[in-house]
Amino acid sequence: MKSNSLEAIADALVADGKGILAADETIGTLTKRFEKLKIRSTPESRRNYRELLFTTPDSADFISGVIMCDETIHQQDSNHTPLSDILLKRGIIPGIKADSGAKPLASSDGETVTEGLDGLRERLKEYRAIGARFAK
């Protein structure tokens with residue numbers, strides 16, 4: 001990507017033949033998936049899974065960006081390289097899911113509401129600091 005402008009990022013994300021990988025499963029969701037496969041969910045097993053996804057040969061030919069959860073954006077691969085840096089080196093734009101998930105809505109039957117406005121300002125400052133590495 002030649003520019004870090006919003007327009008350049010948007011153009012790169014919608015490049016012909018490419019899509020966005022939603023790898024933003026919460027720890028709970030990924031744990032449920034792992035349990036079905038008899039895989040113990042640990043920070044290391046979740047990192048190994050994500051590292052496998054992000055380093056699959058030729059995946060950058062088809063993936064323009066990856067949405068990550070908070071755990072993932074802080075993870076490093078087995079060589080201590082941040083997973084977000086691995087994506088960038090492959091020409092894939094890392095992104096972050098800023099909400100904190102859906103929770104049951106009080107006094108409703110099966111309805112949910114997305115939470116995450118509380119503390120969002122602080123999280124965005126942190127994510128912006130992480131993103132500052134990308135602008136270099």
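Only the coordinates and a few stated rules stand behind these numbers; no lab work does. Please read these numbers as outputs of a predicted model, since none were measured by experiment. Glycine gets a Cβ as well: all are built from the backbone with ideal geometry, and neighbour counts include every protein chain shown.
Of LYS32/LYS103; LYS38/LYS97; LYS32/LYS97, which pairs sit farther than 22 Å apart, going by alpha carbon to alpha carbon? With Cα atoms farther than 22 Å apart: LYS38/LYS97. The length gained on full extension between GLU115 and GLU71, counted as 0.36 nm times the residue separation minus their Cα-Cα distance, comes to 14.1 nm. Neighbour counts of other Cβ atoms within 10 Å put SER108, SER84 in the fewest-to-most order SER108, SER84.
Each residue of the range 63-69 was assigned a 3J(HN,Hα) from its phi angle through the Karplus expression (A = 6.51, B = -1.76, C = 1.60, θ = phi - 60°), giving 10, 9, x, 10, 8, 10, 8 Hz with x at Gly and Pro.
Using DSSP to define loop residues, name the chymotrypsin sites (Phe, Trp or Tyr not before Pro) in the range 6-64 whose beta-carbon has at most 13 other beta-carbon atoms within 10 Å. Counting only loop positions with at most 13 other Cβ atoms within 10 Å, the chymotrypsin sites (Phe, Trp or Tyr not before Pro) in the range 6-64 are PHE62.
For the chain, modelled as a GNM whose springs connect Cα atoms under 10 angstrom apart, the maximal fluctuation among LYS38, LYS89, LYS125 occurs at LYS38. Backbone N atoms of the range 75-116 closer than 15 Å to the 7 Å Cα→Cβ label point of ARG33 belong to residues 97. Beta bridges assigned by DSSP with both partners in the chain are antiparallel in approximately 35 percent of cases. Taking GluC sites (Glu not before Pro) across the range 54-129, the ones in a DSSP loop with at most 12 further Cβ atoms lying within 10 angstrom of their Cβ are GLU111. For the chain, the alpha-carbon coordinates run over 50, 35, 29 Å along the three principal axes, in decreasing order.
Across the range 51-94, counting alpha-carbon atoms alone, Rg and Dmax equal 9.6, 26 Å. Residues ARG121, ARG50, ARG33, ARG90 in ascending order of nearby Cβ atoms (within 10 Å, fewest first): ARG121, ARG33, ARG90, ARG50.
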